[in-house]
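Here the structure comes first, spelled out in structure tokens, and everything after it is commentary.
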């Protein structure tokens, strides 16, 4: 046993492979949050008056709110006055082509194995790069524009498409929804805006790579995706962050709106710095993601592969308002070393014959704690609603924890709600069996974990599935017992 | 001729308890050895120690595998050098298909030998061919490894894996336990088809029955952590007739 846990320890002890900092000059605001900081940000972004008013209202709400303490995670209290709320790369104008993009940035992408060129030419992905807070480069705009698709930085959308932003921002996640959504609404720096017009099928995967790059800078992304009637869009958000000592707060808000017969597929591969083996450093990821199936027969599907962050607090949810609408949540959450994750989803059934499906795969290793928290709520009016939930936990070693908190609130007798849960362990028997077939322990863990997560990985666009598979293996290096 | 396996005065146990109390055994190329003995005599311990299971501690003696020090090697290195253990209780690995598992395994062994990974098409046709040896249906390839397999299917899968990995030394740990007569015949047929002049097999079993199908060159009786008697295949028949008590009695006198 001692020997085995030594092997497990070794596998768990590998280092974060994406730890590096890009040295791009930055423009910082002093620490702390006041109404003036909100005004400064709004002014920097050259926002209209209504946007500033909206931010200030959110700021007022935030002042009276308290941090949530119900998640199953522990961390030192955050001093919100110690955070820098604005940082932007010093750039005069947006680059017209890749040649004009900062070579440092391109080098960063090369280190991540995500060359923009290759992405563009080989995979047909349009990449909207968000480096820290300001969007540096948006590609494929013209091609998308021909179809009437808007895919741009949020700050640009506020200026260019105020009627859309005004109508939808905060419509799914109200400013006062929770402490972090209020904070985000007050100080959000940038993010992505997507609008798919009626009947248009977006021909490429829309993708944004986020990186958190400035020391002590809170990241407050704001993403809004609207799929008009009968349209389709697949959006991928992928993240890696440089290694650093201070904890960094990330409080993003993502809102999705699917009108009648529209479909939004939102995939996330999250690999922010998880902190070192002792739990020092790492990103605090407090995210509010929610979509609304506004119209009949619309569909929203969340897929997430979460391997990073010191603390993850995230519940991508769907409000199933339209009749016959569908909500899906597919998740793989990996925690290793001292990581803590409290993640899951909420499915709110309002429309008739609405359906939801939840597949959650938690993987815990090292000394980490991994919790699934999910709510399936069927309102009285939601005749014929159906839900299927499957929550699996996989434990690697015997010092980690897996927890499941499923909540079911069903107010309609015709609803069908199913919940299945399993817990399994990669124990010494399985590892020895693999070893005896010539497969070393690390390769065995990768093989088993990828098999375990396959149902979720299959939901990702092909090229990202491969990336995610590698990421799972990397995250669990050094973790077996 | 270098023996495939040379065990000398091997002592081993779990925690403080010594189970193998001095095993000496030589297995030459082309040979099939049967190791028999009553429950608790140390048969499965011997198999586990040879494969390198971490729970067991070797306290003395040497084991040479193809002239190399086996005890110095990690379990996966032993496998890559050509040691195969057919498990008494094969594990289930949900989510990992039999085909994917074997592909990983076969390619690890090939890498060790400095060979390129097998191309998918070549690998698939090799699997199809080798499955026939144990009359396994192709549908097993896409099913999770041993997940929901019956006892007999799991054992056949072990022999199928052995056929894919082409080991120098195969150790079958009570592969016959829990098999009906048809499955026994199929499993034995697979083992026989893989016999060659350059490889060897150690068959660990309770019963003579399996040895009707896999005819051994040498039969050893293990009792109380020692090989107390070795002989030809007729020894197995004698054991079948007389049981183990006479051997226990004799070895008690000798001790």
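All of the numbers you see were taken from the coordinates with simple rules; none came from a lab. Please read all numbers here as calculations on a predicted model, not as lab measurements. Glycine gets a Cβ as well: all are built from the backbone with ideal geometry, and neighbour counts include every protein chain shown.
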Item checked: Partner chain coverage, peptide A:385-398 - average Cβ within 10 angstrom -> 0
Notebook entry, point to check: How are the C-alpha pair distances of chain B spread across 10 Å bins, as whole percents from the shortest bin up?
Noted result: 7, 30, 36, 21, 5, 1, 0
Checklist line | Simple label model, 7 Å out from Cα along Cβ direction - residue A:405 to residue B:72, nm | finding: 5.4 nm
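What's the average, rounded to a whole number, of partner chain beta-carbon atoms within 10 Å of each residue's beta-carbon in A:169-180? Provide the component values of the computation, followed by the final result.
Values: counts 0, 0, 0, 0, 0, 0, 0, 0, 0, 0, 0, 0.
Mean shielding count: 0.
Could you work out the relative contact order of the stretch A:254-397? I mean the mean sequence separation of Cα pairs under 8 Å and 6+ apart, divided by the number of residues, in percent. Spell out each step's value before the answer.
On the way: 481 pairs, mean separation 29.4, N = 144.
Once normalised by length, the contact order is 20 percent.
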Notebook entry, point to check: On a 0 to 90 degree scale, rounded to 10, what angle separates helix B:245-254 from the longest Cα axis of chain B?
Noted result: 60 degrees
Checklist line | Net lengthening on full extension, residue A:77/residue A:474 (0.36 nm per residue, minus Cα-Cα) | finding: 139.9 nm
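Can you put B:53, B:110, B:17 in order of Cβ neighbours within 10 angstrom, beginning with the fewest? Could the numbers behind the result be given before it?
Working: B:53 19, B:110 15, B:17 7.
With the sparsest Cβ surroundings first, the list reads B:17, B:110, B:53.
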Next item on the list: Using only alpha carbon pairs under 8 Å that are at least six residues apart, calculate the relative contact order of chain B and give it in whole percent.
Entry: 27 percent
Notebook entry, point to check: What does the average come to when, for each residue of peptide A:440-450, you count the partner chain Cβ atoms lying within 10 Å of its Cβ?
Noted result: 4
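Just want the ordering: B:116, B:158, from fewest to most Cβ atoms lying within 10 Å of their own Cβ. It would help to have the intermediate numbers written out before the result.
Working: B:116 8, B:158 24.
Going from sparsest to densest Cβ surroundings: B:116, B:158.
Which of the peptides B:238-245, B:71-78, A:262-269 is most tightly packed, and how do the rest follow, judged by the mean count of other Cβ atoms within 10 Å per residue?
A:262-269, B:71-78, B:238-245
Based on DSSP H runs of at least 4 residues, each adding -39500 (n - 2.57), what is the mean residue ellipticity at 222 nm of chain B after dividing by all its residues, to the nearest 500 deg cm²/dmol? Don't skip to the answer; put the middle values down first.
Values: 9 runs with 96 residues, N = 255.
So the calculated ellipticity at 222 nm is -11500 deg cm²/dmol.
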Notebook entry, point to check: Quick one: helix B:233-242 against the long Cα principal axis of chain B, what's the angle to the nearest 10°, folded into 0 to 90?
Noted result: 60 degrees
Next item on the list: Only residues of the stretch B:197-216 count here: report those whose backbone N is under 12 Å from the spot 7 Å along Cα→Cβ of residue B:240, or say none.
Entry: B:207-216
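Applying a 10 Å radius around every beta-carbon, put B:123-134, A:451-462 in order of their mean neighbour count, most first.
Put in order of decreasing packing, that is A:451-462, B:123-134.
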